[in-house]
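The values are calculated or read from the model by the stated rules, or taken from the named source; none is laboratory data. This one's a predicted model, so the numbers in the text were calculated from it and none came from an experiment. No Cβ is skipped: glycine too gets one built from the backbone with ideal geometry, and neighbour counts run over all protein chains shown.
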Amino acid sequence: MLGSSGKPTDGIKAPMFDGTQVCAQIDPDAFFPESPTEYTINLRVLKPICDACFFKDPCLDYAIDNPELMGIWAGTSHKDRLILRDLKRTA
């Protein structure tokens, strides 16, 4: 599993990722933008790609279950996932 630095993160088990997902063809840095402006732009570009991905649900579940993950996961921001995590707990 790669962290925001592009280096492996220990102790976090990623869902089965076989490299056939569209995001495997995109520069990983796009998912971990450095500035708020870049984050907003990248989220707008990546969201429709993620929304169409067959892997979106396990990716989103993984990101929700691992609140320490930063960046764009399953077309969502960290703030989006905090909201979804709270909704999941109250459901």
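Numerical summary
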{"item": "Boolean, Ile49 is surrounded by 15 or more Cβ atoms within 10 Å (Cβ to Cβ), within 9 Å of the chain's Cα centre (by Cα), over 15 Å from Phe17 (Cβ atoms) and not hydroxyl-bearing (Ser, Thr, Tyr)", "result": "no"}
{"item": "Criterion violated by Ile83 - all others in (1) more than 21 Å from Ala24 (Cβ to Cβ); (2) in contact with a helix residue (DSSP H, G or I) (Cβ under 9 Å, 6 or more places away or on another chain); (3) in a helix (DSSP H, G or I) satisfied", "result": "(2)"}
{"item": "Which numbered condition Asn66 fails, given (1) farther than 14 Å from Ile26 by Cβ; (2) touching a Ser or Thr at 6+ places or on another chain (Cβ under 8 Å)", "result": "(2)"}
{"item": "Selected residue [surrounded by 13 or more Cβ atoms within 10 Å (Cβ to Cβ) and either free of Cβ contacts under 8 Å to residues at least 40 places away in the same chain or out of contact with any helix residue (DSSP H, G or I) (no Cβ under 9 Å at 6 or more places or on another chain) (or both)] from Phe31, Phe55, Phe17", "result": "Phe17"}
{"item": "Top-ranked residue of the range 62-80 - restricted to ones that are in a loop (DSSP other than H, G, I, E, B) and at pLDDT below 95, ranked as surrounded by the fewest Cβ atoms within 10 Å (Cβ to Cβ)", "result": "Glu68"}
